[in-house]
Structures are given as structure tokens and as C-alpha cells.
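**Q** Got a structure for you, questions after.
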Amino acid sequence: MGKVLVVYATRKGSTRNIAELIAEGIRIDGGEAEVNNVTEVKKDEDLAGYDGYVLGSATYHGEMMQGMKTMLFLAEKAGLKGKVGGSFGAFGWSGEAPGRIFDTMDHILEMDMVGGPLMLKSAALGGGTQMAQERK
Ligand SMILES: Cc1cc2nc3c(=O)[nH]c(=O)nc-3n(C[C@H](O)[C@H](O)[C@H](O)COP(=O)(O)O)c2cc1C
């Protein structure tokens, strides 16, 4: 699996929690995972040297957070073509961010995308335990 960079954009911390869980899964599978807040990625060189990238943002007002938008432009400069990619994010009801990130990584960055966008609903908005118990 190699070395994977997990980057998250969050306001309240739920998307950071998902990032940590993804990193834990990568480590359990024998890979190396580094987790960074999007605010720590300041230049395209900060994205160099990884085999895979998992990028996530919470959805606010139907969009990904501004920091992740800016970071995707840096990722375009970094040249991640052919690298393994995935996306994720916490949401409340519509959850546009993970899908938008996924599509940008797929179509613009031309990455080798794995699965689909991972969307986890906020426990405060009917996700978590409530969501698990209502699904039959
Ligand atoms: C002002 C505001 C606007 C929001 N807009 C959306 C939205 O358009 N779609 C959606 O699915 N969730 C929306 N949410 C819910 C957040 O995505 C949800 O609370 C999420 O867990 C926040 O993730 P974070 O803890 O990583 O910041 C909104 C929340 C707030 C407070």
C-alpha cells in the first residue's frame, strides 16, 4: 500500500475523526499513513512523496470548505496523475463535498480513484447510532 497522505478540512472536528479512522485502517493493512489538516498544506511540495492521497472535507452550504478548494489547485500543480486516490467527509443532509473532491481527483488530477466517496453523517443530524439502528 505504501505511504498515504490523508488531508482533511473541518470546522467542528467530525471530518478530522474520519481522517484518523481512515489512517488507522491504512496502518492496519500494513501501510504508512500521515494525517494533516488542510491548513498545514501550504505549497505543492508539501504534497510530494506519497503513493496515495485521501482527501476530505465537511459540507457547508452545499460546498466543500474553502481550504480544500485551494488545496486541490495545489494538487493540480503537484502532478498526482496515476497516484491512488480516495475522498471522504462528514455531512448533515446533502453531502456534496466528498463527491466533488472525488470527481476533481478523477477528472482533473487523473488519479487512480478507489471505490466511491466516503460520506459519514453527523451524529447530531441523525447519523451515528440513530442511522445504524434505522437501517434494516
Ligand atoms: C451553517 C451550516 C451549514 C451546513 N450546510 C450543510 C449542507 O449544505 N449540506 C450538508 O450535508 N450538511 C451541511 N451542514 C452539516 C455539516 O456538514 C455537519 O455538521 C458535519 O458533520 C460538519 O463536519 P465537521 O465537524 O468536519 O465540520 C451544515 C452545517 C452548518 C452548521
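**Q** Considering every residue within region 4-18, establish whether at least one is over 19 Å from L118 (Cβ atoms) and touching a residue at least 24 places away in the same chain (Cβ under 8 Å). Steps first, answer last, please.
**A** Initially, region 4-18 is screened for residues over 19 Å from L118 (Cβ atoms), giving none.
Taking every residue of region 4-18 in turn, none turns out to be over 19 Å from L118 (Cβ atoms) and touching a residue at least 24 places away in the same chain (Cβ under 8 Å).
**Q** Being among the hydroxyl-bearing types (S, T, Y) and under 12 Å from the mean Cα position of the chain (by Cα) is the requirement here; does S94 meet it? Can you show your working first?
**A** Working: among the hydroxyl-bearing types (S, T, Y): yes; under 12 Å from the mean Cα position of the chain (by Cα): no.
No; evaluated as a whole, the condition is false for this residue.
**Q** So, L80, is that one within 12 Å of M113 (Cβ to Cβ), part of a loop (DSSP other than H, G, I, E, B) and not charged (D, E, K, R) or not?
**A** Yes.
**Q** Follow-up. Let me confirm something: among E24, E45, E40, which residue is under 15 Å from L120 (Cβ atoms) and either out of contact with any Pro (no Cβ under 7 Å at 6 or more places or on another chain) or surrounded by fewer than 21 Cβ atoms within 10 Å (Cβ to Cβ) (or both)?
**A** Details: E45 fails: under 15 Å from L120 (Cβ atoms); E40 fails: under 15 Å from L120 (Cβ atoms).
The unique qualifying residue is E24.
**Q** May I ask you to list the residues in region 84-130 that are more than 10 Å from the ligand (Cβ to nearest atom), of a type in the set (G, A, S) and in contact (Cβ under 8 Å) with a residue 24 or more places away in the chain?
**A** Within region 84-130, G85, G86, S87, G115 meet the criteria.
Rule-based calculations on the coordinates, nothing more; no lab input. This one's a predicted model, so the numbers in the text were calculated from it and none came from an experiment. We place every Cβ from the backbone using ideal geometry, glycine too, and count neighbours over all the protein chains shown.
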